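These notes concern the structure reproduced below.
What follows draws every value from the coordinates through simple rules; no lab data is involved. Because the structure is a prediction, the values reported are computed rather than measured. Using ideal geometry, Cβ is built from the backbone for each residue, glycine included, and neighbour counts are taken over all protein chains shown.
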């Protein structure tokens, strides 16, 4: 069942980390390479992902991550129900695998399987 938000990703530029840590007082939890930073947050994890506007799939700046226990089965089921799935195959990410679907209004939702933590 895909009804649990598990991460909130905010697409940002280089100045964002300074804003979130020095202005809003968040602390860095972990760096995932040069472009992804997780912030300390007790509820839904907040991730800052550095990207340039030209390299993004969409102009969407905030992306909800929805927890999937079995991403391949969920993607197949969503396709069968007519959902627009953006990637033919799920892609690797630091916590495991992900894929992206679009709602009828063009908003993207990221499906995430935390297979690297099990």
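Points worth noting:
- Antiparallel bridge percentage (DSSP; both residues within region 5-117; nearest 5): 75
- Length-normalised contact order for the chain - Cα pairs under 8 Å, 6+ apart - percent: 25
- Helical contribution to [θ] at 222 nm, DSSP H n ≥ 4, -39,500 (n - 2.57), averaged over the chain, rounded to 500: -2500 deg cm²/dmol
- The share of alpha-carbon pairs in the chain lying farther apart than 23 Å comes to 31%.
- Nearest-ten-degree value, helix 71-80 long axis tilted from longest Cα axis of the chain: 50
- Alpha-carbon centroids, region 65-79 and region 1-27: separation in whole Å: 24
- For the residues 44, 85, 62, a GNM of the chain with alpha-carbon springs under 10 Å puts the largest fluctuation on 44.
- Residue 84-residue 49 FRET efficiency (beta carbon distance; Förster radius 22 Å; 0.05 resolution): 0.55
- Cα Rg, Dmax, region 64-118, angstrom units: 10.7, 34
- Selected from 97, 81, 30 as most flexible by GNM, with the chain as the system and alpha-carbon contacts under 10 Å: 81
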